[in-house]
1. Does Val128 satisfy being within 21 Å of Ser192 (Cβ to Cβ) and among the hydrophobic types (A, V, I, L, M, F, W, C)?
2. Scan the stretch 178-202 residue by residue and report those that are of a type in the set (A, V, I, L, M), away from ligand 2 (no atom under 16 Å from the Cβ), within 14 Å of Ser308 (Cβ to Cβ) and in contact (Cβ under 8 Å) with a residue 24 or more places away in the chain.
3. Filter the stretch 101-114 for residues that are surrounded by fewer than 22 Cβ atoms within 10 Å (Cβ to Cβ) and hydrophobic (A, V, I, L, M, F, W, C) and give the result.
4. Mind listing whichever residues of the stretch 246-295 are farther than 25 Å from Pro144 by Cβ and either surrounded by 15 or more Cβ atoms within 10 Å (Cβ to Cβ) or touching a Phe, Trp or Tyr at 6+ places or on another chain (Cβ under 6 Å) (or both)?
5. Please indicate, with yes or no, whether at least one residue in the stretch 66-74 is surrounded by 15 or more Cβ atoms within 10 Å (Cβ to Cβ) and within 16 Å of ligand 2 (Cβ to nearest atom).
6. Would you mind telling me which numbered condition in (1) buried (at least 23 other Cβ atoms within 10 Å of the Cβ); (2) more than 10 Å from ligand 1 (Cβ to nearest atom); (3) among the β-branched types (Val, Ile, Thr) Thr146 fails?
7. Among Ser62, Ser54, Ser35, Ser3, which is the only one that is touching an Asp or Glu at 6+ places or on another chain (Cβ under 8 Å) and small (Gly, Ala, Ser)?
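The numbers here are math on the coordinates, done by the rules we state, and not lab data. Everything quoted here is computed from the prediction, not taken from an experiment. Glycine gets a Cβ as well: all are built from the backbone with ideal geometry, and neighbour counts include every protein chain shown.
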Amino acid sequence: MSSLISKDIEAAAQLLLNGNVVGIPTETVYGLGASIYNNNAIDYIFELKRRPKSNPLIVHISKIEQVQELTIDFPDKAKQLAKHFWPGSLTMVLPKSASVPNHITANKPTVAIRIPNHPTFLKLIDLVGPIAAPSANPYERISPTTAEHVANYFPTGLPLILDGDSCEKGIESTIVGFEGNDVVVYRLGSISIEDIESIIGKVEIKNEVNGRYTAPGMALKHYAPITKTILTDSLEEIIDEFSGKKIGVIRYQNTSILPNVTKQLTLSKNGDLTEAAANIYSFMHTLDHLKLDFILIEPLPNTSLGRSINDRLKRATHL
Ligand code: TXA
Ligand code: MG
């Protein structure tokens, strides 16, 4: 295990208070965290990730009262969603107050906020105050779901990666905003549209790969392994075309082994989409380290979290 990885929350808090960036665990994916009040540390996050400055960061808080300080409006629908999904993997875009530095929001008038559902991270926020954190992957790469993944991406450049075990959810938070009276989904994620609509009624989705996309970070190519990766719903038919190549396969439920495959993984043999979400990035990391010629992945049923996972797979395989 990398010497950077530690369970010492106080040490991580001290580093953050001194203006450092540390790897942090959340229930969705690991992040690169900094105090929102330290502009140098925020700049360093962008540098480490090689992330365009136009792409704003999410602010993580531990108590709902902190929303008052960071925003100038907390609409009723947002309050309702917070009541049901916080702490948890729902990020809400709200009009920002002057106390949120423009460094974090890429000069936008809004700030993305969530209360994560991870005891280690919540304790860290209690010690440090609001923490800005993007996912802890270099720009366009697969998000990390273990401290080891973060250490592999950033063997130098971080003083510490706070270990909070494997991420329970395994894909990023769902991002919503409020346009007039409408709730708009900017990024599909680990809370399903169905669950959000059961609380708030119909929402508009501005995220889909084939449609218009509005979140600046929702570039079409994203979440990609280095290995050439193909999304196909006719795996059994095309597998022969890859004979002589080193192939890795990720299937949804099916465990029957395909011929000539170096490594085959099944996301959830019981067809549990929550389990599939928890596994998808970690399986992609595993296959990406095997020096394969191709990774072939089957799409999932396009409902609930299957839709969020398919969104990531389309971006991971976009040329
Ligand atoms: O689960 C997650 O959300 C993880 C963990 C670490 O919390 N974070 C994460 O951050 O996925 P990041 O930076 O990789 O993705 C955040 C997305 C980006 O697409 C960004 O453009 C969008 O949130 N975003 C941030 N602030 C925004 C704003 N004010 N308006 C619209 N989109 C915003
Ligand atoms: Mg990200």
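1. Criteria not met by Val128.
2. Passing the criteria: Ile191, Ile193, Ile196.
3. Across the stretch 101-114, the qualifying residue is only Ala106.
4. Correct list: Gln253, Asn254, Leu258, Val261.
5. So far as the stretch 66-74 goes, no, none of its residues is surrounded by 15 or more Cβ atoms within 10 Å (Cβ to Cβ) and within 16 Å of ligand 2 (Cβ to nearest atom).
6. Tallying (1) buried (at least 23 other Cβ atoms within 10 Å of the Cβ); (2) more than 10 Å from ligand 1 (Cβ to nearest atom); (3) among the β-branched types (Val, Ile, Thr), Thr146 fails exactly one: (1).
7. It is Ser62.
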